[in-house]
Amino acid sequence: MFDKATDERMIHRLFCVLVLLCACALSQADRIVLKEGQVVTGDILAEKQTQLYVDIGITILAIPKDKILEYEYTDTDQADPNDAGDKTDIGPATNTSGSGKLYRTADLRKTTIEKCVAAVSESVVMISNPGGSGSGFFINEQGYLITNFHVIERETRIEVTMFRKAPNGFERKKFKKVKIIAMNSFVDLALLKVEDLGDIKVRPAYLGDMTRTQSGEDVFAIGNPLGLERTVTNGLISTRNRAFEGLTYIQTNADINPGNSGGPLFNLAGEVIGVTNMGYISLGGLNFAIPVNYVKHFIENREAFAYDKDQPNTGYKYLQPDRRHNRAKPELGKSPQK
């Protein structure tokens, strides 16, 4: 038999152990910060287009994404939340979807080009308009995507083609309701949004960090050069800060051809480190991409570059008027016949 003092000491020790276990569990749990200030910790079981499903131990919560300021996966073995069957391991992810940011960042592990391509290829799209075609990539699940300004310059009739994995390869999904959100001709970037996704799930790309990028690093590009869909080219970073007309560009020897414009340049972690925008066809190995830090700045300040169809500087592509049917030179002094 124990006396009362012994019982109290045992209860106190048991309580301390339980507190310690709870603290350890919370330190390893995923963290969700709501816009109203509350913090939810638990295991994120699934990430859907509009909701997160979180196991908090006693129940499972469905939290609407429009109520979330930001959320973070803290499990070091957490796979890409959008990986619905792809076995590619590209590391833990820190998602940033609130505070005015439309893109996601992550600290991913480097792997092979083959695994990266399998993981990120669905985020790359073809962008078409009456004047030609180019490439682009999704930055979030709501259908926002990045491309070059010159891909959509003076165009308002834009189509986006997504390439989704299927049992026998890829299947095309075309979207015709594409809205221009913002564009900046100076840095050659445009932000678009596909508005007719319906229940189709988008697999967005992560944006990388230029401070971790080095000359000599292996990179690869995915795009649609000359209309050849989902073309992968690889190379290395020749220099990470080549000056050109007042801006700095990533110079790479990964082939960039017409149709690649607006597509992503990836590192071997599957992170976007640049947006391909120009190359010299006649001079091999001289190709350039817009650094990802310019892309982040453009997205975060998109309101300053917001597209307004009523502004004359935003531009329309007007149809040319019909030519005169009567090619004869009109006689002076005579009014035209009605």
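What follows is calculated from the coordinates using simple rules that are stated; it is not laboratory data. Predicted, not measured: the structure shown is a model, and the values here were computed from it. Cβ coordinates were reconstructed from backbone atoms using ideal geometry, including for glycine residues, and neighbour counts include every protein chain displayed.
Close amide H partners of D30, meaning residues 5 or more places away or on another chain with modelled amide H under 5 Å apart, are G42, D43, I44, T74.
With contacts taken as Cα pairs under 8 Å at a separation of at least 6 residues, region 136-258 carries a relative contact order of 20 percent. Of the peptides 61-68, 167-174, the ranking by mean beta-carbon count within 10 Å, highest at the top, reads 61-68, 167-174. Applied to region 208-213, the Karplus parametrisation 6.51 cos²θ - 1.76 cosθ + 1.60 on θ = phi - 60° returns per-residue 3J(HN,Hα) values of x, 10, 5, 5, 9, 9 Hz, with x for Gly and Pro. Spacing of the modelled spin labels on A243 and T211, each 7 Å from Cα toward Cβ, amounts to 2.4 nm.
Each of Q38 and L61 was given a label point 7 Å from its Cα along the Cα-to-Cβ line. The distance between the two points is 0.6 nm. The amide H of T147, built 1.01 Å from its N in the peptide plane, has A190, L192 as neighbours under 5 Å, considering only residues 5 or more places off or on other chains. When peptides 126-138, 226-238 are ranked by their average number of other Cβ atoms within 10 Å per residue, the highest-first order is 126-138, 226-238.
Our coupling estimate for region 249-260, obtained by passing each phi through the Karplus curve with A = 6.51, B = -1.76, C = 1.60 and θ = phi - 60°, is 10, 7, 9, 9, 9, 5, 4, 10, 10, x, x, 6 Hz, Gly and Pro reported as x.
Along the axis of the charge dipole computed for region 125-194 (Cβ charges of +1 for Lys and Arg, -1 for Asp and Glu, origin at the Cα centre), the listed residues F163, L145, N129 are led at the positive end by F163.
Where both residues lie in region 102-207, what percent of DSSP beta bridges are antiparallel, nearest 5? Walk me through the intermediate numbers first.
Details: 29 of 31 bridges.
That works out to approximately 95 percent antiparallel.
Structural descriptor for region 206-305: relative contact order 26 percent, calculated from alpha carbon pairs under 8 angstrom and at least 6 residues apart. Normalising the average separation of contacting C-alpha pairs (under 8 angstrom, six or more residues apart) by the number of residues puts the relative contact order of region 125-194 at 32 percent. Dipole magnitude for region 206-305: about 80 debye, using +1 per Lys or Arg Cβ and -1 per Asp or Glu Cβ, origin at the Cα centre. Each residue in K165, K309, K193 was given a count of other beta-carbon atoms within 10 angstrom of its own, and listing them fewest first yields K309, K165, K193. Is the shape of region 206-305 rounded, prolate or oblate, going by the alpha carbon gyration tensor and its root eigenvalues a ≥ b ≥ c, with a/c under 1.5 for rounded and a/b larger than b/c for prolate? Rounded, since a/c falls under 1.5.
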